[in-house]
Amino acid sequence: MTSINAYDQAYIAGHRARMAEQMATYQALRLAALGPAQDGEADVLDLAFNAFEHDVFANLVLVLDRLFDERVQGREGGAIDEVRRLSAALLDNDRVRMDAAGFDRLQKAFFAEVESRCARP
């Protein structure tokens, strides 16, 4: 497989916007289904959403990895490296717990690293 050393800024920005849109859609769905969070209150729907949340965002980790899978290796311990390791674990059927807040931090760091290391000038 040919390694891509640089991506067009429009490609990176488009996928960053797509991830932000998916985050916003998930948050809107959660708010519509559950309403504002209530302290100490957990019902069946809340528990179901929590389980669903981890599956949704673990799968989005796979999407992130695939979008830039032809890139050069990320630096050890960086967000690119973390996405690659999490994706490998998921593909090995390991359970990866990824909530919305954790995914949001990871995808922001991932795109920042891709942009700084792999964007065409």
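The values are calculated or read from the model by the stated rules, or taken from the named source; none is laboratory data. Remember, predicted model here, so these are calculated numbers, not experimental data. Cβ sites come from the backbone with ideal geometry, for glycine too, and all protein chains shown count toward neighbours.
Conditions (1) buried (at least 18 other Cβ atoms within 10 Å of the Cβ); (2) part of a helix (DSSP H, G or I); (3) modelled with pLDDT of 85 or more, marked per residue:
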{"site": "Pro36", "(1), (2), (3)": "no, no, no"}
{"site": "Leu45", "(1), (2), (3)": "no, yes, no"}
{"site": "Val61", "(1), (2), (3)": "yes, yes, yes"}
{"site": "Val83", "(1), (2), (3)": "yes, yes, yes"}
{"site": "Leu86", "(1), (2), (3)": "yes, yes, yes"}
{"site": "Val114", "(1), (2), (3)": "yes, yes, yes"}
So Ala24, is it among the hydrophobic types (A, V, I, L, M, F, W, C), over 19 Å from Arg120 (Cα atoms) and either over 14 Å from the mean Cα position of the chain (by Cα) or modelled with pLDDT under 90 (or both) | no
